Amino acid sequence: MDLSPAPLEKEWLETNGLGGFACSTICGRNTRRYHGLLTAALKPPVERYILLSKLEETLTVEGARFDLSTNFYAGAIHPRGDELLVEFRRDPWPVFIYRAGGAEIEKRLFLVHGENALVVEYELRRPHPGATLDVRPLTAFRDYHSTTHWNESLDRSVRFEEGIASVKPYASLPELHIAHNARQARTSGDWYYHFEYPVEKERGFEEEEDLFNPFELTFDLSQTATMVVSTERRHAGDAAGLREAERSRRAAIAAGGPLALAADQFIVARGERKTIVAGYPWFTDWGRDSMIALPGLTLATRRFQDARDTLEAFAQSMDRGMLPNRFPDAGEEPEYNTADATLWFFESARAYLEASGDEAFVRDTLYEKLREALEWHVAGTRYGIRAEDNGLLRCGEPGVQLTWMDAKIGDWVVTPRTGMPVEIQALWYNALCVMADFAARFDDPEMTDRASALAGRAKSSFLESFWNPALNCLYDVVDGEYKDASIRPNQIFAVSLPHTMLDGARAAKVVAVVERDLLTPMGLRTLAPNDPNYRGRYEGGVRERDSAYHQGTVWPWLIGPFIDAWRRVHPGRDASRFLAPLLAHLDEACLGQISEIADGDAPHTPRGCFAQAWSVAEALRAATPPTAFR
């Protein structure tokens, strides 16, 4: 690929199916505090710690030394391994080729699925007698949201055994074993000071870090130089078997196309079951994100067991009729501050049944949980979530953000949307219709009648309350006499969901307004550009970015519901042009992935997480004909 300066800042991502990951730029220069070669999930998928940050590598050819690594220090880039990098590819993992002193060396690395383990291999592409490679691991051993600095509490000792070097800098963290086939291993005990992470500086976070080098390895390049870095004891000889097993695993997934391979990185273990990581490098599993992403990640790829595992795991975490919003990193009690995760649960259950035909699972495992959720929503549950007499669903309390537009800065909820948000009504109506269908299927006539009656009442009230004749679209929020006429993408769900309350003419008008004011090549804007509150660029510190998060910023995941809605009002017409730019984006930021967000203003620079589950999921779902699910 092109290795000019800008492409060198493109990123790559490796994941291990546990919530652990590795990532950096293609030139190996860490520009984020989240960049590292082994971020282990100690309690999958949470309690993530960056154990190994990077490797400093020096190739020696005929007495001349060439540094292959690249680092950003205060005011300088050193060394300049990026100038020796001649090729980068994902084949099917990161592969780097360096040329120096007449020699070419290939470096490849991958994470082992189901383990906190990294394999790194170096191989001369042509024999070069006497060539050697020195490798100096730089360790961090810190929470992945933080940075580390020189300290006296670090244990500098290294335990050397035949072919294995082990370190345990801090008693509270696991020992790290580096299996190798080096000809020499020796202690070093050096701190490397003042690495700078420019992306963190731009984001308003601490941008400087020190890293520790406990030892150095020297490899004879007459054979492949191998390292297996793991929290479990491994041997360098394991690398070949691990490589071929992982190659085979990925080849089977890649048969579904590049989006299927991207989807695989988000499906991870939580205990004995599966869950969905919302995004890399900083999100864990969120209820809303998981339910939205599940159809694309698991149903479009026919991973029905993963879908069952995820649905069951979230069903078991339901409390007072609500799915959790998120599971905190440190393993505290789940947070339930969401009005829509549970409603998306209904839609995921419906989509699962449609795609798999697995009626027994829905009936035996999910139905009573769905029934419980409906009862709680009618009677009232947390945060003022309850069905009103008119059949619509009210939600919200002061200081709480409950919809997917959930940015909050201190006590300031940027888009509070208290009352009756439009997409909550669309999801509620869809959930009621799903429940009525399930109840009829599972011989529960009382619930069939009740859900159908509630759906009829909600539909009648919705048409009366939410249509904005002045703009030929839907209000975003209705709260008593207050009606928010902001042009936002939330109204698209009133057209895109399987059960809709709009007639064809009104549906077509909604889609036209959204297409005119919100559609971009990267997805839908969160606010029309002519709105005085519109923010076209997502940049600056935390406050600046969070205040723009849903005030114009583009969200790629919204392309899925937009395409659904567009197809509904334009039956038989080809919608592939809306998806093409996102497919091209797979080669633009984090290679093989789709970003979380992008600027509302052109050129719609990608921002936020460099790999987002629902971005990939909705592109994959929209690209997969429904008839291909079964």
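For segment 27-138, the alpha carbon convex hull comes to 115 Å³ per residue, rounded to a whole number. In this Cβ point-charge picture (+1 for Lys and Arg, -1 for Asp and Glu), segment 142-225 has a dipole of about 360 debye about its Cα centre.
Shape summary of segment 167-284, radius of gyration then Dmax from alpha carbon positions: 18.8, 47 Å.
Any idea what diffusion coefficient segment 495-546 gets from Stokes-Einstein, in µm²/s, Kirkwood Rh on alpha carbon pairs, 20 °C, 1.002 mPa s? The diffusion coefficient I find is 162 µm²/s.
Here segment 269-399 is treated as an ellipsoid with the same Cα gyration tensor; its semi-axes, largest first and in whole Å, are 24, 19, 12.
At a probe radius of 1.4 angstrom, the accessible area of segment 59-123 per residue rounds to 36 square angstrom. Residue by residue, segment 549-559 carries 3J(HN,Hα) couplings of 3, 10, 10, x, 4, 8, 10, x, 4, 5, 5 Hz when phi is fed to the Karplus relation 6.51 cos²θ - 1.76 cosθ + 1.60 (θ = phi - 60°); x denotes Gly or Pro. Over the residues of the chain, the helix contribution to mean residue ellipticity at 222 nm works out to -8500 deg cm²/dmol, using -39500 (n - 2.57) for each DSSP H run of at least 4. With the convex hull drawn around the C-alpha atoms of segment 425-481, the volume per residue stands at 75 Å³.
When ligands, DNA and RNA are left out and all protein chains stay put, how many square angstrom of accessible area per residue does segment 421-548 have with a 1.4 Å probe?
Accessible surface, normalised per residue, equals 39 Å².
Here segment 436-550 is treated with +1 on each Lys and Arg Cβ and -1 on each Asp and Glu Cβ, and its dipole about the Cα centre works out to around 420 debye.
Computed from backbone phi, the HN-Hα couplings of segment 277-291 come to 6, 5, x, 10, x, 10, 8, 10, 9, 10, x, 4, 4, 5, 6 Hz, rounded to whole numbers (Karplus: 6.51 cos²θ - 1.76 cosθ + 1.60, θ = phi - 60°; Gly and Pro given as x). When every Cα-Cα distance of segment 275-351 is counted in 10 angstrom steps from zero, the calculated P(r) takes the values 20, 56, 22, 1 percent. Treating the angle as unsigned and between 0 and 90°, give the value, to the nearest 10°, between the Cα long axis of helix 367-379 and the longest Cα principal axis of the chain. Between helix and principal axis, roughly 60 degrees. Computed over protein heavy atoms with a 1.4 Å probe, the carbon and sulfur contribution to the accessible area of the chain reaches 48%. Note on the chain: dipole from Cβ charges, positive end direction compared against TRP566, GLY536, HIS113; the farthest Cα belongs to TRP566. Relative to the longest principal axis of the Cα atoms of the chain, the long axis of helix 613-623 lies at roughly 70 degrees.
Overall form of segment 497-630: oblate. Here a/c, set by the Cα gyration tensor axes a ≥ b ≥ c, is 1.5 or more, and a/b is not larger than b/c.
Taking Rh as the Kirkwood radius, which is the inverse of the mean 1/r over Cα pairs, what is the Rg/Rh value for the chain?
Taking Rh as the inverse mean 1/r over Cα pairs, Rg/Rh reads 1.01.
Relative to one another, the C-alpha centroids of segment 130-152 and segment 253-269 are positioned 30 Å apart.
Each of HIS180, VAL229, TYR197 was placed along the dipole of segment 176-234 (beta-carbon charges, centred on the mean Cα), and the one lying farthest toward the positive end is HIS180.
Using Cα pairs under 8 angstrom and six or more residues apart, how large is the relative contact order of the chain, in percent?
Relative contact order, the chain: 11 percent.
Give me the angle, in degrees from 0 to 90, between the Cα long axis of helix 304-316 and the longest principal axis of the Cα atoms of the chain, rounded to the nearest 10. Roughly 70 degrees, rounded to the nearest 10. Placing unit charges on the Cβ atoms only, positive for Lys and Arg and negative for Asp and Glu, gives the chain a dipole magnitude near 1060 debye about its Cα centre. Annotation: amide H of ALA548 has no partner in the under-5 Å range at sequence separation 5 or more or interchain, hydrogens built in the peptide plane. Given segment 236-297 reduced to its alpha-carbon atoms as identical point scatterers, what log10 I(q)/I(0) does the Debye formula return at q = 0.12, 0.14, 0.21, 0.27 Å⁻¹? Listed by q, the Debye log ratios stand at -0.39, -0.51, -0.92, -1.09. Could I get the Rg over Rh figure for segment 58-112? Both from C-alpha atoms, Rh via Kirkwood, rounded to two places. Rg/Rh: 1.02. Rg and Dmax of segment 120-183, both derived from C-alpha coordinates alone, stand at 15.5, 45 Å.
For segment 171-218, the solvent-accessible area works out to 43 Å² per residue, with a probe of 1.4 Å and every protein chain left in place. With 10 Å bins beginning at zero, the pair-distance distribution over Cα atoms of segment 448-537 amounts to 15, 46, 28, 9, 1 %.
A straight line joining the Cα centroids of segment 6-38 and segment 405-482 runs 41 Å.
Just to be sure I follow: if Rg is taken over the C-alpha atoms of segment 1-90 and Rh is the Kirkwood radius over the same atoms, what is Rg/Rh? With Rg and the Kirkwood Rh in hand, the quotient comes to 1.03.
Pairs of Cα atoms under 8 Å, at least six residues apart: use those to get the relative contact order of segment 281-367, whole percent.
35 percent
Across segment 527-627, the relative contact order, built from alpha-carbon pairs under 8 Å that are at least six residues apart, equals 29 percent.
Normalised by residue number, the volume inside the convex hull of the Cα atoms of segment 108-237 is 142 Å³ per residue. In a Debye calculation with equal point scatterers on the alpha-carbon sites of segment 347-481 and no solvent, what is log10 I(q)/I(0) at q = 0.14, 0.17 Å⁻¹? Cα-only, vacuum Debye calculation for segment 347-481: -0.71, -0.96. Taking a Cβ cut-off of under 13 Å around GLY296, the surrounding Lys, Arg, Asp and Glu residues balance to a net charge of -3, with basic ones at +1 and acidic ones at -1.
The values are calculated or read from the model by the stated rules, or taken from the named source; none is laboratory data. Bear in mind the structure is a predicted one, so any value in this text is a computation, not a measurement. Ideal geometry is used to build each Cβ from the backbone, glycine not excepted, and the neighbour counts take in all protein chains shown. Heavy atoms of the whole protein, side chains included, go into the accessibility calculation; ligands, DNA and RNA do not. Shrake-Rupley method; radii C 1.70, N 1.55, O 1.52, S 1.80 Å.
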